[in-house]
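Contents: one structure, followed by commentary.
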Amino acid sequence: FSSGVIVSPDGLVFTNHHCGFGNIQALATPENDILKNGFVARTQADELPAKGLFVRLLQCTDDITKDVMKAYNKAYKKMMTEKPELTNAEIEKFRSFAIDSICNEIENKYNKKYPKLISEVESYYTGNEFYINIYKQYDDIRLVFAPPQSLGKFGGETDNWMWPRQTCDFSVFRIYSDNNNEPAEYSATNRPLQAKR
């Protein structure tokens, strides 16, 4: 996963060049090596579908720590009643397995409740807090701009955590949706997402 930001009311998304690299590479051909030479779509009709690329927009986040810990404490009490002689390592292994199972169960509950959305549980603060993030996923994403690889990967830095940064480490895509502004598979009739923000 990579992060990005919507920068226009018609679905333009900026992300890092290295995040879009695989999609840019897949769109390059020997006759038109857009990875090497860069790419710019002068009109929306020139934008290239980036197969396999998707954008998830966060819809909401719920704190589920109490639910996870309540279910875990119940499972822990039962396990300690049945096997009170467990070592600390065995207890930690049980905790990891139990938390994963509980989080999967919560994800499944949310996915049933919101079948058109993606729900994912994440742990924070070394497994002391749990949140479920609910996303709307758009799969019709098109390449709008990419700098030449010589600029996008200038200096050979592999990621944006290496300093100093002296690259054009960005690429631009556009999110497309159906006529109701909802996610849709690629179609020539799709239109740019009308972003709320």
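The values are calculated or read from the model by the stated rules, or taken from the named source; none is laboratory data. Treat the numbers as computed from the prediction; the structure is a model and nothing was measured. Cβ placement follows ideal geometry from the backbone for every residue including glycine, while neighbour counts extend to all protein chains displayed. Remember, those area values only see protein heavy atoms, side chains included, never the ligands or the DNA or RNA. Shrake-Rupley method; radii C 1.70, N 1.55, O 1.52, S 1.80 Å.
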Q) When all protein chains stay in place, what accessible area (Å², nearest 10, 1.4 Å probe) is found for M80? A) 50 Å²
**Q.** Nearest 10 degrees, 0 to 90: helix 65-82 Cα axis against the chain principal axis
**A.** 40 degrees
Q. Once you put a point 7 Å from the Cα of R197 and another 7 Å from the Cα of N73, both along the Cβ direction, what distance in nm separates them?
A. 3.4 nm
Q: Would you work out which of L58, P84, T29 lies farthest towards the positive end of the dipole of the range 1-90? Charges go on Cβ: Lys and Arg +1, Asp and Glu -1.
A: P84
Q: Using the Karplus curve 6.51 cos²θ - 1.76 cosθ + 1.60 with θ = phi - 60°, work out ³J(HN,Hα) for each residue of the range 26-38 in order, rounded to whole Hz, and write x for Gly and Pro.
A: 5, 7, 6, 10, x, 7, 9, 7, 5, 5, 6, 9, x
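Can you pull the percent of the range 1-134's accessible area that's carbon plus sulfur, 1.4 Å probe, other chains left in place?
It is 53 percent, rounded to a whole number.
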Q) Can you list the residues of the range 63-78 with backbone N under 17 Å from a point 7 Å past the Cα of N108, pointing along Cα to Cβ? A) 68, 71-72, 75
Q: Using label points projected 7 Å from each Cα along Cα→Cβ, tell me how many nm separate K66 and E82, to one decimal.
A: 2.8 nm
Q: Per residue, how big is the convex hull around the C-alpha atoms of the chain? Give it to me in cubic angstrom, could you?
A: 168 Å³
**Q.** Accessible area (Å², 1.4 Å probe, nearest 10) - D63
**A.** 90 Å²
Q | 21 Å Cα-Cα threshold exceeded, pairs from K112/K196; K70/K93; K51/K112; K136/K196 | A | K112/K196; K51/K112
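From Cα pairs below 8 angstrom and at least 6 apart in sequence, can you work out the relative contact order of the chain, rounded to a whole percent?
Normalised by residue count, the contact order of the chain is 33 percent.
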Q: Give me the distance in nm between label points sitting 7 Å out from Cα along the Cα-to-Cβ direction at A89 and Q137, one decimal.
A: 3.8 nm
Q. Okay, helix-only estimate at 222 nm for the chain: each DSSP H run of n ≥ 4 adds -39500 (n - 2.57), divide by all residues, round to 500 deg cm²/dmol; what do you get?
A. -10000 deg cm²/dmol
Q. Averaged per residue, what accessible area in Å² does the range 48-112 show with a 1.4 Å probe, protein chains only?
A. 74 Å²
**Q.** Solvent-accessible area of S187 with every protein chain in place, 1.4 Å probe, in Å² to the nearest 10
**A.** 40 Å²
Q: Return the long-range amide H neighbours of G38 (sequence gap of 5 or more, or a different chain), with a cut-off of under 5 Å between placed amide H atoms.
A: Q149
Q.
Keeping all protein chains in place and using 1.4 angstrom, which order do I6, I175 fall into by accessible surface area, from largest down?
A. I6, I175
Q: Under a cut-off of 20 Å between alpha-carbon atoms, report the aspartates and glutamates in cross-link reach of K109, not counting same-chain residues fewer than 8 places apart.
A: D62, D63, D67, D100, E120, E122, E129
Q: Would you kindly state the longest site-free stretch of the chain, with sites defined as GluC sites (Glu not before Pro) in a DSSP loop (not H, G, I, E, B) surrounded by at most 12 other Cβ atoms within 10 Å?
A: 86-184
